[in-house]
1. If you take the residues of the stretch 154-163 that are outside any strand (DSSP E or B) and in contact with a helix residue (DSSP H, G or I) (Cβ under 8 Å, 6 or more places away or on another chain), which of them is modelled with the highest pLDDT?
2. May I ask you to say which residue of GLU102, GLU121 is surrounded by fewer than 19 Cβ atoms within 10 Å (Cβ to Cβ) and under 20 Å from GLU161 (Cα atoms)?
3. Among (1) free of Cβ contacts under 8 Å to residues at least 60 places away in the same chain; (2) of a type in the set (Lys, Arg); (3) in contact with a strand residue (DSSP E or B) (Cβ under 8 Å, 6 or more places away or on another chain), there is one condition ARG91 misses while meeting the rest; what is its number?
4. Which of the residues belonging to the stretch 164-208 are among the hydroxyl-bearing types (Ser, Thr, Tyr) and modelled with pLDDT of 85 or more?
5. Testing ILE136 on (1) of a type in the set (Val, Ile, Thr); (2) modelled with pLDDT of 95 or more; (3) surrounded by fewer than 16 Cβ atoms within 10 Å (Cβ to Cβ), one condition comes back false. Which one is that?
6. Among the residues of the stretch 56-73 satisfying the criterion of being of a type in the set (A, V, I, L, M, F, W, C) and exposed (fewer than 11 other Cβ atoms within 10 Å of the Cβ), which is farthest from the chain's Cα centre (by Cα)?
7. Consider the stretch 148-167. How many of its residues are in contact (Cβ under 8 Å) with a residue 24 or more places away in the chain and either within 19 Å of VAL96 (Cβ to Cβ) or basic (Lys, Arg) (or both)?
8. Within the stretch 46-102, which residues are touching a His at 6+ places or on another chain (Cβ under 6 Å) and of a type outside the set (A, V, I, L, M)?
Amino acid sequence: MRGTLERSFGTIETGLISWFSGRTFGAPHKVFNKPEELAHLTTDELAQMLVLWIVDVYHNTPSVALRGETPANAWKRLSRTVGLRPVPDSRTLREVFGIKLERKLSGEGLKALGLHYSSEELGRHFLRRGASKLQIRLNPSDIGSISYKLSDLWLEARCTESGFDGVTLSEWSQTIHDLRQSFAAENKLTAPIVRRAMRTIRTTAETSRVRENIATKEYSAEDLARLEDEVFLGFSMPKSASDQPVCEGDLLDGGFATGGIVLPPLDPPVDDDETPDNTPIDDSDDFSFEG
C-alpha cells in the first residue's frame with residue numbers, strides 16, 4: 001500500500017506539480033531557498049488544477065501498466081463486463097465520515113445545533129435507560145438526519161422539524177446568526193420566521209456559490225463546538241403549532257416524539273362515586289407502541 005501511494009505522489013509530482021514554483025520536493029528540511037516566497041497558488045487553485053489534471057490528462061494518457069490503454073478506456077470496458085460497485089448511500093457516508101460528537105438523550109431526543117433528532121429506537125432506549133450519552137455523527141452538508149450508536153450498531157435519527165433535509169450547517173448557522181441580530185430586542189423567534197429566513201439564506205448562498213465557483217465549507221468537531229457556543233448557545237428550534245407534546249417529568253406523561261411513535265398518556269383516574277361501566281378490561285399491556 002505504501003509503495004502504491006508513494007508511486008501516485010511521484011506521478012503527480014512529475015506530471016503536475018513540476019509546473020509550479022514554491023515546491024519543497026521530497027525533503028523540505030534540506031531545501032536551501034525559501035519556497036514560501038516562491039509559492040503562487042492558492043489552496044483552491046491547487047485543488048482545481050489537481051482535479052483537472054487527473055480527469056483530463058492522466059485518465060486519457062496511455063498507461064504502461066494497462067498495456068497502452070488509457071485509464072478512461074479501461075474503466076469503460078470493464079464497467080460493461082464486470083460492473084460497477086454501487087456508491088455508498090448518504091447514511092453510510094455520514095456514519096463513516098461525519099463529524100464525531102457526543103450528546104445526552106432526553107425526552108425530546110438528541111439535540112444538536114438547536115435541533116432535536118428522534119427515532120422509534122431512541123424512544124424505546126429512553127424508556128429503558130433514561131437520559132444517557134450517545135455517540136453521534138453529523139454530516140455538515142445535510143443536517144436533516146444524524147446517525148447515533150447503540151451497542152455496536154449505527155442507527156438513523158431524523159430531525160423532528162420538517163424541511164431540514166438537504167440543509168447545510170453553514171446555511172443553518174447563518175440563519176440563526178442573522179435572526180438573532182434582527183430579533184434581539186424581541187427575544188423570541190417563531191417557527192414561521194425561522195423557516196422563511198432559512199429559505200431566503202439558502203437560496204442566496206447556493207446562487208452565490210455557483211456564481212463564484214466556491215466549494216461548500218468543510219467543518220471539524222472543533223468548528224461545530226465553537227458554533228454551538230457562539231451561535232446556538234441557548235437556542236432551540238421553536239415548536240410549530242402542530243408539534244406533539246413530549247416527555248417532561250413523568251416518562252409516560254405525553255409520550256416521546258419519535259416521528260409517528262408516541263406513547264399514549266395514562267387515562268385519568270375514575271371517580272369512586274361514578275358508576276363503572278361493564279366493558280371488559282384488557283390488562284395484557286399497560287401501554288404499547290403504535291406503528
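1. Across the stretch 154-163, the extreme among qualifying residues is GLU161.
2. Matching residue, one of GLU102, GLU121: GLU121.
3. (1)
4. Across the stretch 164-208, the qualifying residues are THR168, SER170, SER173.
5. (3)
6. VAL64
7. Total meeting the criteria: 7.
8. PRO71
The values are calculated or read from the model by the stated rules, or taken from the named source; none is laboratory data. Predicted model, so just to flag it, every value in this text is computed and none were measured. A quick note on method: Cβ atoms are made from the backbone with ideal geometry, for glycine too, and the neighbour counts reach across all protein chains shown.
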